[in-house]
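No lab work stands behind these numbers, since they all come straight from the coordinates. Treat the numbers as computed from the prediction; the structure is a model and nothing was measured. In this analysis, Cβ positions are derived from the backbone assuming ideal geometry, glycine residues included, and neighbour counts consider all displayed protein chains.
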Amino acid sequence: MNDRSGSKPGYGQNQASQLPRIVILGAGFGGLTCARALQAAPAEVTLVDQRNFHLFQPLLYQVATAALSPADIATPIRRILRNQINAKVVLGHVEAIDRQERTVRLRENGRLVAYDILVIATGARHSYFGHEDWEAFAPGLKQIEDALDIRNRVLDALERAEATEDADERQRLLSFAVIGGGPTGVELAGAIAELAKIELAQESRTMHGLAAHIVLIEAGPQILPVFVPSLADKARRSLEQLGVEVLTNSMVEHCDSEGVIAAGKRIEARTLIWAAGVAASPAAQWLDVEPDRAGRVRVLGDLSLPGDPTVFVIGDTAAVYRPDGRPVPGIAPAAKQEGNYVAELLLRRLNGSVSIDGRGGAAGMQAQPEFHYHHAGDLATIGHKSAVLDFGWIRLSGLLAWLLWGCVHIFFLISFRNRMVVMLGWLWSYFASDRGARLITGSGREL
């Protein structure tokens, strides 16, 4: 990369030798959407990510439960942007941002990436609410590495239950606790119940007649709190039909290698999974601004940083609110809408129809309307034959909701190859009740 950190051209300087430099941090839904929407922009677009692939996170739980393989829901970023001539990809970990010099410093060799406009879309990580020591016992699910770790733990527990002759130890190994009753927790609990049923009922030589004990633990009064109570109750009944025990109003107080304490009750389980909370990436620290309680960066109505119209923050990293004061949810559609909005604003700036601060005031320039989130609906699946769906104008549950859930997810997968592989894999799993990705990889762990 050419070192041009000392030069800070405005948008009016559309010099052939130096186009405005738009740097996007993070190739998740928000960052990638923004980059692709800038395909026609008269600018250099640089997309920085610590991994070389885009991950379809809504289906990550299926990698964790052996229904899909990692490559089924991931696509190399360079392949996605291969036909976008104004875009390039940089692999690296963000270490610091210098807003005065307009540079991003990467961990790799202290490399500096200069920018004129910066879009931060670095997502979120697990939050253990001050109990970070619990992570060793209850891993969360955000990246492929997390999914493979959880898959290993679940399959390893089933294998060890097959091998042991100690009945009490076998029961502990066949006990799984999922902490958090949101969509991820519900989907994980249902998928683990089905996976264990396949292993125990169809392929085990020594555990016929035994059943795994899966517990879903939710601190609030109902699972799936974003759904209306009637749909949440249907989801609960579907889980219970799969053999999942659902505990509500049960705040987790402790996690260790032997289980979890929730609402004063000890639950013995050798495999714990955390799906209870997230915190934003360290973007606030990089920008040297005060974050909100969840670690998110507070932004203006145009998603820019207060006092700095050259920096935008989107997705899970940003604290964005709807007109009624409710926060914009941390889901893929919201991040994509924000990415599209920022790209449209930047295109208008580059074309001179909006002032650099997006607020108008210059002759012939108009103010950019503030970002408004459109909520299309909520979906969650329970196993491979049931789901709940709330689009506002229609609410469904059961098999029809599951079919619609599948269509929506296949449609939003990033590549045709991913769509075909996932669709065929689901069809095979549906009719054959088989999960082909039941592989224990890596060096294993001590249980």
Requested in this report: Mind listing the long-range amide H neighbours of G220? Cut-off is under 5 Å, sequence gap 5 or more, other chains count too, H placed in the peptide plane at 1.01 Å from N.
Outcome: N249, S250
Query raised in the report: Using alpha-carbon pairs under 8 Å, 6+ residues apart, how would you state the relative contact order of the range 160-237 in percent?
Result: 34 percent
**Report entry** Non-local Lys pairs in the chain, i.e. 8 or more apart or on different chains, that have alpha carbons under 21 Å apart
**Finding:** 5
Report task. Filter the chymotrypsin sites (Phe, Trp or Tyr not before Pro) in the range 90-129 to those in DSSP coil with at most 14 other Cβ atoms within 10 Å of their Cβ, and list the result. Result -> F129
Query - Relative contact order computed over the chain (Cα-Cα under 8 Å; 6+ residues apart), in percent - result: 19 percent
Requested in this report: Could you sort 45-51, 139-145 so that the peptide with the highest average Cβ count within 10 Å comes first and the rest follow in order?
Outcome: 45-51, 139-145
Query raised in the report: If you take the Cα atoms of the chain, find Rg, then find the Kirkwood Rh from the mean of 1/r over all pairs, what is Rg/Rh?
Result: 1.00
Query raised in the report: Once the Cα atoms of helix 183-197 and of the chain are each reduced to a long axis, what angle between those two axes, in degrees from 0 to 90 to the nearest 10, is obtained?
Result: 40 degrees
Query raised in the report: Hey, how many Å between the Cα centroid of the range 248-263 and the Cα centroid of the range 385-411?
Result: 32 Å
Query raised in the report: Roughly how many Å is it from the Cα centre of the range 298-333 to that of the range 152-220, as a whole number?
Result: 39 Å
Query raised in the report: So how much slack lies between L112 and E169, counting 0.36 nm per residue of separation and subtracting their Cα-Cα distance, in nm?
Result: 15.2 nm
Query raised in the report: What would the Debye formula give as log10 I(q)/I(0) at q = 0.10, 0.17 Å⁻¹ for the alpha-carbon point model of the range 189-320, no solvent?
Result: -0.53, -0.96
